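I have placed the structure first, in the form of structure tokens, so that the comments after it can refer back to it.
The values are calculated or read from the model by the stated rules, or taken from the named source; none is laboratory data. What you see is a predicted model, and the numbers here were worked out from it, not measured in a lab. Here Cβ is always computed from backbone atoms with ideal geometry, including for glycine, and neighbour counts include all displayed protein chains.
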């Protein structure tokens, strides 16, 4: 309806292969970024920035990480949180022990370490598929957490087992105000999302999807299945690790290994199921959905208890929450396995075809 | 076929007394034959004669218990799929094995995997080599898309295409590898007559235009006999005939074992 | 179109000019391999030069003919111009015609050279080589599948062009000299008329003729170098070649060639032509698609669509013509534009169309209005191959759906006593190739071309086409009598199904009328007047009155058309039975067999002209089951009011 | 030495408890090819349902009966709302669905019956068997022994159920291939419902055993996670595999805890089982008793 496509023809492959081939989409994206980078920091309240937007962005990044592995390469993983934990704690140690390194390099190094671990636990994927692999990643989840709990050196021997994130400084500028934290997070997420999109729309992504859709055919074409799978694990772990670091330094600020329990892995998994498996956009949609829903529920419960002046215990609310999440997963798997991203895509198609149905 | 015969080069692929068994079942029993450059070689036989197994052995999906495969002078007892691909063996699949989640274009692009040089980092930053790769190979792929006349479906997800077209995309993907030998697994299975004819045209054009050696499997003799230069006949995993279509038509063994069954 | 091109009297010269002044601008966009590959004017010039030299190297001489067979492809356009550059004569032939149909034109023009698209065309030519000994060289563009072809008369495009390069290097002045030799009076091409009977006639058109017409229209429509045309019809059709060769070479706009037959629609949506033309059948097909697709739409969409199409039907045309419209309507239309019209245009790929012609035959008024109402500036165009197409074009803002508009600058119109339209125009054809007698028939001494169409100029100076001449008659007073025209006018009323207009060599026009039993039936029920069957209904006085109103409305309209004022319907009767193919009154395609009907109902004809009030008629009918019987009836005959001719208003 | 035996036997007995849970997975996987992540939640659900009735003074056997009926109803519900709509979906999708299911069950059970830990008394003290401790000075909990016994009985019952009853044979047929099952004349849906019900029953038993030992609380759901390595070892399809796997895991885990634990700061049983499983996977991907699959082209 709003799309005017006539005259948008491509004379080069470069133009034809860009991420947003349609002018209208490019404009929309530009607007969105402008709002996110300029408007939001100006008008956003501290609550919105610190309690909603920052975690949303960070979890989106984690979701992208998982999506690369599960959505594109088709390797189910339940160990997301573990890799986030690695990111968090390794970053902590780099900044702690090599302050001269600087924040960003520390995070990147942490990411690389995580990638290494990812490779190690990805190895079984060469031999095994599906559930077995899922179990392998579970093993990773437990093992990593155990290590983090046991090895006090990693926590700088803090008696409580809790680490406190140092303030990030880049070129002497300290990121301690909500707005600055938000902007830093946003930039990192934006850049990495773009990078992910680039990989997934190019050779790498095609290889992943080939392995996912029909591995025999892929190998016959000359795609090295093992290489593709391991690469997927490595990249995914890297993304999750960075997300974990941000989760600690931009959001939680004080962390114990327990913060990265299996539940977190599941939350991220839910994000990509609801948001859309095999879609970068979906990662964002899912993250938004999963971060906003609990808030809405809490508001709702307060509202209800306000009206009927019965007090609803937080436990009950959280139980309801898990029921709702659970059923949502099932519903989405039944109704729209491709998730919100697919719905969005359909809506867009309709807009383009308007007024025609097809 | 007379003047065609001159165009053929050396033996490019030789299968020597290959035997393959699943558990107790003998899929291939001491089969040997050779394929010469630029010829169209058909392997025919009733269903379950071991035709597909033969292909799977040639490009390394299955590993034979005995025998060896000589490709471009290099002899080995078994292949690895991606090694086979590297050395220039491409194939299509009987029950189309396309990447259902991707568009036609992406499917064919995957065929360029081996020719691409950029790594995932360059991809991520979308800098020089990555861009160049994507564009250069897109050009090649577009050439193939044009050759197989599927321009109209370029950006359609393959799962939405009718069967006949999917077969063509499968062929396009294999062709994108610029193979020296192209293995076609029942390229005309389940096609309408027109579709079969156009597929024949494509096969001949590929052989003529790219000079690709073609090994194709069919269980229905009719079409194959017209387009192939030499034919191997399998039955219950054994080779029971090998020669020009005419020789095969007149071979008693084949008539008994095969025509009886199929017709 | 500011620049003065009068000094360029041939296409090759024009090409050189464009290459010089707008060398970098796109001349041809060719969708190949998924993207629009752009050939600039200088590219095209270079290509033409190479081909020309190549042809010369192969022995192509001035006056030789070059058959061009294939789809709209840059190299074929170039080949046409190359032949012209060498003073040769390109002969575009239909790429979809079977080999047999290619024989005649090739033999007739003793064509020696052919430039074809691909294997398919080559096969056709090779097949007919025995019958066409003159053909000594076939150049083909796509070498796919040509590997095993050994015939030495075949040359592929690469060889041709490389030959050209060598030749060019050897004779650097050759090309320029050849181009310079050309003059406007030279033959620019031979186009086959859409031949109905016998062999198609080859219409010979000169550079000057084509260039002049292209010029006139370019000025008329203000075509610019930034315009774009989608070349999607056969280049052998004069229409296509004028739009995709003559006009761009004059105005320097860009031609766009779709990727393949299947992709025409989507390619059109991508490229978004600004200048569009189509024969009625295309527009009809498009409209059918629209309505079919809308049927599948959700209820809401359908309602929106219907509502806003009604709005458009009311005011769309006027708004397009820049007529004053009420504020509310304007608002509604603006809304509609946002929700329906623009998306619709976009979907049809006409989002950027500035000027669109419907050429060929006439398009049905409703369709015509549909396209205009959604804001597509569609206009009727009258032209023939012999006149380099453009004769009349509707002007922006003065579009009437029943005329083809005033004459294009430079065209003189005249009419024979039999109302046949005569045209004299700078775009006049030279001759029918090797057919002097046909030429003589078509073009008289004073250079008037006899179109074979009957028509007249209406009050606003627009040309109105009535009918083919052979169907036109006259009344005793010598004034024009166009039965089909009258019949169509009457049939535009829902109550009237069939009409037989009488008046050839009579004092006045009369009519037999068949009522539409459904429409009239409904009408009758609303008036709750009872009737038993068709014959009975047809004989009711009320029905007669109803029909008379229609007839008188038509008469009043006719009164405003000086040419036809005298053929107002004075008397009419309603037939007691429906005209029926089974009784040989209509053809199977439900066309009226006038002569047959007149003979069959002779008694009625006499009655109607002898001023009787009733007439008894008995005639034999064939029933469904094949039995024959006879029905007899007394038919009433009524007079209809006629109006004095209104003096023609002077058109503003 | 006797200490070693004590640890070993203790481990084996604990292993049996794992097997109890693992059985639930195997049953469902065999019949419907679904890896039911919600098994743990079912254990929790069943135990909680049972214990809350006991606490409200319902007679033991009656409570058992009611709980079983509840589990059957649950099974039917699940088949209707989750499995049937998802039929012909990829196994991974089904697996994810069961994760969702797990959340629903956990949430629901804690809302219906409050989420505090409950004590569960089966009348068997968790104390060493006097005779053994006196004569061989080997300390083995009676509860463990009892649990092992129950598990043994359960396996026997199941074996009978699978080999002697018509439904049981049908279930086995389904495991082999669905067509065969249809030919037996039992609609697939029913079979699934039944199998889930049986799994529910197994969950109840496991729930009781574990509940009696650790108390009925949310942590019970993690027992399922413990069972996963067992599955990897034993293979998803084989009941005997589940038993053997359970024993191996249990034993090795305990041994590792006792003999390795001290060096790495203890608490290794949270992951050790998995690591064993993984190492094992690399050697034999299809598990102890699973058979090799060749994917045809």
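List of remarks:
- Filtered by the rule that a residue be more than 7 Å from chain A (Cβ to nearest Cβ), within 13 Å of the chain's Cα centre (by Cα) and part of a loop (DSSP other than H, G, I, E, B), segment B:80-94 gives B:88, B:92, B:94.
- Any hit, segment B:95-104, residues being closer than 17 Å to residue A:197 by Cα and within 13 Å of chain C (Cβ to nearest Cβ): yes
Yes or no, residue by residue, for (1) in a loop (DSSP other than H, G, I, E, B); (2) touching a strand residue (DSSP E or B) at 6+ places or on another chain (Cβ under 6 Å); (3) touching a residue at least 12 places away in the same chain (Cβ under 8 Å); (4) not assigned by TED's automatic domain parsing to the domain that holds residue C:332:
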| site | (1), (2), (3), (4) |
| --- | --- |
| C:381 | no, yes, yes, no |
| C:403 | yes, yes, yes, no |
| C:410 | yes, no, yes, no |
| C:417 | yes, no, no, no |
| C:451 | no, yes, yes, no |
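- Filter result for the condition that a residue is in a helix (DSSP H, G or I), modelled with pLDDT under 85 and in contact with a helix residue (DSSP H, G or I) (Cβ under 6 Å, 6 or more places away or on another chain), over D:171, D:182: D:171
- As a summary of the residue check, residue B:135 satisfies the conditions (1) out of contact with any strand residue (DSSP E or B) (no Cβ under 6 Å at 6 or more places or on another chain); (2) surrounded by 20 or more Cβ atoms within 10 Å (Cβ to Cβ) except for the one numbered (2).
- Within segment B:140-182, the set of residues being in contact with a helix residue (DSSP H, G or I) (Cβ under 7 Å, 6 or more places away or on another chain), within 14 Å of chain C (Cβ to nearest Cβ) and in a helix (DSSP H, G or I) comprises B:141, B:144, B:145, B:151, B:152, B:153, B:165, B:172, B:175.
- The residue of segment C:279-300 that is surrounded by the most Cβ atoms within 10 Å (Cβ to Cβ), among those that are more than 10 Å from every other protein chain (Cβ to nearest Cβ) and touching a helix residue (DSSP H, G or I) at 6+ places or on another chain (Cβ under 8 Å), is C:283.
- Residues satisfying the stated conditions in segment C:256-276, i.e. more than 14 Å from chain A (Cβ to nearest Cβ) and in contact with a helix residue (DSSP H, G or I) (Cβ under 6 Å, 6 or more places away or on another chain): C:260, C:262
- Within segment B:211-224, restricting attention to residues that are crowded, with 17+ Cβ neighbours inside 10 Å and farther than 18 Å from residue B:95 by Cβ, the residue that is nearest to the other protein chains (Cβ to nearest Cβ) is B:212.
- Flag for residue C:340 being out of contact with any strand residue (DSSP E or B) (no Cβ under 6 Å at 6 or more places or on another chain), more than 14 Å from every other protein chain (Cβ to nearest Cβ) and surrounded by 14 or more Cβ atoms within 10 Å (Cβ to Cβ): no
- Evaluation of residue C:237 against (1) surrounded by fewer than 23 Cβ atoms within 10 Å (Cβ to Cβ); (2) within 14 Å of another protein chain (Cβ to nearest Cβ) (one fails), failing number: (2)
- Only one of the numbered conditions (1) closer than 29 Å to residue B:20 by Cβ; (2) at the interface with another protein chain (Cβ under 8 Å from one of its Cβ atoms); (3) more than 17 Å from the chain's Cα centre (by Cα) is violated by residue B:74, and that is (2).
- Qualifying residue in segment A:65-85 (condition: part of a helix (DSSP H, G or I), in contact with a helix residue (DSSP H, G or I) (Cβ under 7 Å, 6 or more places away or on another chain), more than 14 Å from every other protein chain (Cβ to nearest Cβ) and surrounded by fewer than 24 Cβ atoms within 10 Å (Cβ to Cβ)): no
- Candidate set: segment D:233-269, residues that are surrounded by 18 or more Cβ atoms within 10 Å (Cβ to Cβ) and at pLDDT below 80; chosen: the one farthest from the chain's Cα centre (by Cα): D:268
- Residues that are in a loop (DSSP other than H, G, I, E, B) and touching a helix residue (DSSP H, G or I) at 6+ places or on another chain (Cβ under 7 Å) were ranked within segment C:198-223; the one that is nearest to residue C:65 (Cα to Cα) is C:201.
- Residue tally, condition buried (at least 24 other Cβ atoms within 10 Å of the Cβ) and either out of contact with any helix residue (DSSP H, G or I) (no Cβ under 9 Å at 6 or more places or on another chain) or part of a helix (DSSP H, G or I) (or both), over segment D:33-52: 12
- If you check C:118, C:64 for being in the same structural domain as residue C:244 (by TED's automatic domain parsing), farther than 28 Å from residue A:13 by Cα and touching a residue at least 40 places away in the same chain (Cβ under 8 Å), only one passes: C:64.
- Test: residue A:93 is at pLDDT below 90 and more than 14 Å from chain D (Cβ to nearest Cβ): no
- Where residue A:56 falls short, out of the listed (1) out of contact with any helix residue (DSSP H, G or I) (no Cβ under 6 Å at 6 or more places or on another chain); (2) buried (at least 17 other Cβ atoms within 10 Å of the Cβ): (1)
- Some residue of segment D:210-217 being within 21 Å of residue D:158 (Cα to Cα), away from chain A (no Cβ under 14 Å) and at pLDDT below 80: no
- For residue B:188, the test of being part of a loop (DSSP other than H, G, I, E, B) and modelled with pLDDT of 90 or more is failed.
- Restricting D:102, D:97, D:93 to residues that are within 8 Å of chain A (Cβ to nearest Cβ) and in contact (Cβ under 8 Å) with a residue 24 or more places away in the chain narrows the list to D:102.
- Per the conditions (1) modelled with pLDDT of 90 or more; (2) facing another protein chain (nearest Cβ under 9 Å), the sole criterion not satisfied by residue A:136 is (1).
- When residues of segment A:306-355 are limited to those that are within 14 Å of chain D (Cβ to nearest Cβ) and outside any helix (DSSP H, G or I), the one surrounded by the most Cβ atoms within 10 Å (Cβ to Cβ): A:338
- All conditions but one from (1) touching a strand residue (DSSP E or B) at 6+ places or on another chain (Cβ under 8 Å); (2) at positive phi apply to residue B:73; the one that does not is (1).
- Among the conditions (1) crowded, with 18+ Cβ neighbours inside 10 Å; (2) touching a strand residue (DSSP E or B) at 6+ places or on another chain (Cβ under 7 Å), residue B:238 misses just one, which is (1).
- Selection count, segment A:9-31, where residues are in contact with a helix residue (DSSP H, G or I) (Cβ under 7 Å, 6 or more places away or on another chain) and part of a loop (DSSP other than H, G, I, E, B): 5
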